[in-house]
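The structure under discussion appears below in the form of structure tokens.
The values are calculated or read from the model by the stated rules, or taken from the named source; none is laboratory data. These figures come from a predicted structure and were not determined experimentally. Using ideal geometry, Cβ is built from the backbone for each residue, glycine included, and neighbour counts are taken over all protein chains shown. What goes into the accessible areas is simple: the full protein's heavy atoms, side chains included, and nothing from ligands, DNA or RNA. Shrake-Rupley method; radii C 1.70, N 1.55, O 1.52, S 1.80 Å.
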Amino acid sequence: MSEAGLKAAQQKMRDAGVEPTAIEVFTSYYHQLEEGGTGLIREDTISPLTDPPMLSEVDVDEEAASAALDRTVIIKLNGGLGTSMGLDKAKSLLEVRDGRTFLDLIVGQVRAARKRHGARLPLLFMDSFNTRDDTLEALAAYPDLAVGDLPLDFLQNQEPKLRADDLTPVEWPADPALEWCPPGHGDLYTALLGSGLLDKLLEQGFRYASVSNGDNLGAVPDARLAGWFAASGAPYAAELCRRTVNDKKGGHLAIRKSDGQLILRDTAQTAPEEMDYFTDEFRHPFFHTNNLWFDLAAVKKVLDERHGVMGLQLIRNEKTVDPRSSDSTPVIQVESAMGGAIEVFDGATCICVDRSRFLPVKTTNELLLLRSDVYTLDADSHLVKGTEKTCEIDLDKHFYKKIADFTSRIPQAPSLRDADRLSVAGDWTFGSGVVVDGSAGLTTEAPATVPDGARLSGEITGGSL
């Protein structure tokens, strides 16, 4: 049955014009599924990584750093629509602050680095079919952004979702677009190769790639990191940050006991009964930021040797065909993580960076923090933290999860510079000039308003303001 399922999936991909190398990669994962592959990495097969190199302890020559940046390309993952936040377009087009979107700030960061270091520094977005048109339309506002004849984006591949019961491509006539899914950001290497962009970058003298999520505005172009990576001679490197009690979801690096190789373990690769190990910030004290560096020539060599199949660890993602309906057909999405490539390269390494390089926005909690006075925006489009504190924010998902609801209820971010915690339960609308002192918890059963200029501290109930 599964052989017929594979043939049907391959034909569906060919009919949709999916690039042949991407079909080969999908096929290799399909065979792993047939064999019962789960992609799980057991705790007893790894040793924690406890002593990575620290960027703060590295000396980098400034001239060499600028030279390395001139041979670097910046790649931003831009395939997500931000549907969990109620968006129907590329998440990168969401306004962050001061009227500027993720995309605007990324462009500003790259332009500033070009000017400061005299570097070519191409900027490339890995788009999906869902985000490409909106993104390119927005980028048209920056006619000076492209470098030579290099494009501004390349396209992530797509693959069919598989029925969980028989591994055949799912059919969903109500919305055929839901029959497809992206292959995870591990598709980066396949997409670079299949698009011809990897060869083009090498031909034009580029040697290094700095890759990060489009919603992580902390991952700015960094000449010092580029200089460190070039001097290391490593084919691949991952940026890590020290974990805190709040960093329970991100993947981490570990050392595989069988061969001493650095590997990445993500949440989906951890058995449920071993999540206590995974989330223990003392056992695994560093998390993987998903900021990567790799040598373009080294990637090209490995892909050529492996006929386009990088061989990243399988991630078996169990979903329903319509993610909005738990009653729809159960499916398996075959995915991989780009950070999993660390185990492919001999000599791959990592480096621990400052927390300022990790500023993701996954929910409106993080968005509120970035819009507040905890951060300012400098001339290089960098978000600069102005306080040692980081306010813990917990907004009621029923009223603040979606962007439209969030912005209508909190049109102006309260001052959080002196805040430790802000918890909001129920339907509160914030006025202007609100200040949070220390820890504040708001609770209401009926719609309530925080008046202009209010100072919030302690536990507050509806009607008490």
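Only one residue in Lys76, Lys89 is under 30 Å from Leu395 (Cβ atoms), out of contact with any strand residue (DSSP E or B) (no Cβ under 9 Å at 6 or more places or on another chain), touching a residue at least 40 places away in the same chain (Cβ under 8 Å) and basic (Lys, Arg), so which one is that? Show your work before the answer.
Details: Lys76 fails: out of contact with any strand residue (DSSP E or B) (no Cβ under 9 Å at 6 or more places or on another chain).
None of the others qualify; the one that does is Lys89.
Name, by its number, the condition in (1) under 24 Å from the mean Cα position of the chain (by Cα); (2) in a loop (DSSP other than H, G, I, E, B) that does not hold for Asp51.
Condition not satisfied by Asp51: (1).
Got a number for residues in the range 241-265 being closer than 20 Å to Arg357 by Cα, part of a loop (DSSP other than H, G, I, E, B) and either at pLDDT 95 or above or open to solvent by 50 Å² or more (accessible area, probe 1.4 Å) (or both)? Reasoning before the result, please.
To start, the set of residues in the range 241-265 that are closer than 20 Å to Arg357 by Cα comprises 241-253, 264.
Right, trim to part of a loop (DSSP other than H, G, I, E, B) and you get 243-251.
Still in the list and also either at pLDDT 95 or above or open to solvent by 50 Å² or more (accessible area, probe 1.4 Å) (or both): 244-246, 248-249.
Number of matching residues: 5.
If only one of Asp322, Asp354, Asp346, Asp304 is over 22 Å from the mean Cα position of the chain (by Cα) and either farther than 22 Å from Gln261 by Cβ or hydroxyl-bearing (Ser, Thr, Tyr) (or both), which one is it? Spell out how you get there, then give the answer.
On the way: Asp354 fails: over 22 Å from the mean Cα position of the chain (by Cα); Asp346 fails: either farther than 22 Å from Gln261 by Cβ or hydroxyl-bearing (Ser, Thr, Tyr) (or both); Asp304 fails: either farther than 22 Å from Gln261 by Cβ or hydroxyl-bearing (Ser, Thr, Tyr) (or both).
Of the residues listed, the single one that is over 22 Å from the mean Cα position of the chain (by Cα) and either farther than 22 Å from Gln261 by Cβ or hydroxyl-bearing (Ser, Thr, Tyr) (or both) is Asp322.
Would you mention how many residues in the range 362-386 are touching a Phe, Trp or Tyr at 6+ places or on another chain (Cβ under 8 Å) and not polar (S, T, N, Q)?
Count: 7.
Restricting attention to the range 409-465, which residues are part of a strand (DSSP E or B), of a type in the set (A, V, I, L, M) and open to solvent by less than 20 Å² (accessible area, probe 1.4 Å)?
So in the range 409-465, the residues part of a strand (DSSP E or B) come out as 415, 419-425, 428-430, 435-443, 448-450, 455-461.
Restricting the remaining residues to those that are of a type in the set (A, V, I, L, M) gives 419, 422, 424-425, 435-436, 440, 442, 448, 450, 456, 460.
The answer is Ala419, Leu422, Val424, Val436, Ala440, Leu442, Ala448, Val450, Leu456, Ile460.
Kindly indicate which of Asp373, Asp346 is of a type in the set (Asp, Glu), assigned to a loop (DSSP other than H, G, I, E, B), open to solvent by 30 Å² or more (accessible area, probe 1.4 Å) and more than 30 Å from Thr38 (Cα to Cα).
On the way: Asp346 fails: more than 30 Å from Thr38 (Cα to Cα).
Checking each option against the conditions leaves just Asp373.
Could you tell me which of the residues Ala238, Ala226, Ala231, Ala268 is open to solvent by 30 Å² or more (accessible area, probe 1.4 Å), in contact with a strand residue (DSSP E or B) (Cβ under 7 Å, 6 or more places away or on another chain) and either within 26 Å of Thr131 (Cβ to Cβ) or not in a loop (DSSP other than H, G, I, E, B) (or both)?
It is Ala268.
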